[in-house]
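Working notes, structure below.
What follows is calculated from the coordinates using simple rules that are stated; it is not laboratory data. For clarity, every value in this text was computed on a predicted model and none was experimentally measured. Quick reminder, even Gly has a Cβ in these numbers, built from the backbone with ideal geometry, and neighbours come from all protein chains shown.
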Amino acid sequence: MSQENRLEKTNRINLLFDFYEQLLTEKQRTFLKYYFLDDFSLGEIAGEFEISRQAVYEHIKRAEQVLESYEEKLGLLKKHDARIRELDKLQERLAVSGLNDEEKHVMTDMVERLKIWD
């Protein structure tokens, strides 16, 4: 897998983790945090938990599958991305609207706050 693909995968897993963390088991959360958030190697995690690298790999792969399954069923990340795209379009339209600078500023601030809430 190329470096770019690994980065994309890591970013996706981190986003899915943000949405679905509470639906994972404690073990799944722990292994994903160590591997994707803390950037531990399989060997480092294996040493920490006194299990084989293969066992760590299988735990992580299973947790990734669970996250993808939740996304397939619930679609929270997909909906989040769609809302952000729509807010970006709204912000672009505000920039070229006939509103005065103060009104544009107020509306742009509202859009930015909506992006953060999501």
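How would you rank 52-58, 101-107, 12-18, highest first, on the average number of other Cβ atoms within 10 Å across their residues?
Most protected by this proxy first, the peptides run 12-18, 52-58, 101-107.
Find the relative contact order for region 3-74 and round it to a whole percent, using C-alpha pairs within less than 8 Å whose residues are 6+ positions apart.
Reported as a whole number, the value is 35 percent.
Evaluated at 20 °C with a viscosity of 1.002 mPa s, what Stokes-Einstein diffusion coefficient in µm²/s does region 1-68 have when Rh comes from the Kirkwood expression over alpha-carbon pairs? Each step should come with its number before you reach the end.
On the way: Rh = 12.1 Å.
This corresponds to a translational diffusion coefficient of 177 µm²/s.
Residues with amide H under 5 Å of Leu99's amide H, sequence separation 5 or more or different chain, H placed in the peptide plane at 1.01 Å from N; which?
It is none; the list stays empty.
Rounded to the nearest 20 debye, what is the charge dipole size of region 78-117 about its Cα centre when +1 sits on each Lys and Arg Cβ and -1 on each Asp and Glu Cβ?
My answer is approximately 380 debye.
What residue among Lys78, Lys89, Lys33 shows peak mean-square fluctuation when the chain is described by a Gaussian network model with Cα springs under 10 Å?
Looking only at Lys78, Lys89, Lys33, the largest GNM fluctuation is found for Lys89.
Return the subset of Lys9/Lys33; Lys27/Lys115; Lys27/Lys61; Lys9/Lys61; Lys89/Lys115; Lys33/Lys61 for which the Cα-Cα distance in this structure is over 22 Å, preserving the input order. Can you show the working numbers first?
Working: Lys9/Lys33 14 Å; Lys27/Lys115 31 Å; Lys27/Lys61 13 Å; Lys9/Lys61 12 Å; Lys89/Lys115 12 Å; Lys33/Lys61 13 Å.
Check vs 22 Å cut-off fails for Lys27/Lys115.
Taking only DSSP H segments of four or more residues, each worth -39500 (n - 2.57), what value at 222 nm results for the chain once the sum is divided by all its residues, to the nearest 500 deg cm²/dmol?
-25500 deg cm²/dmol
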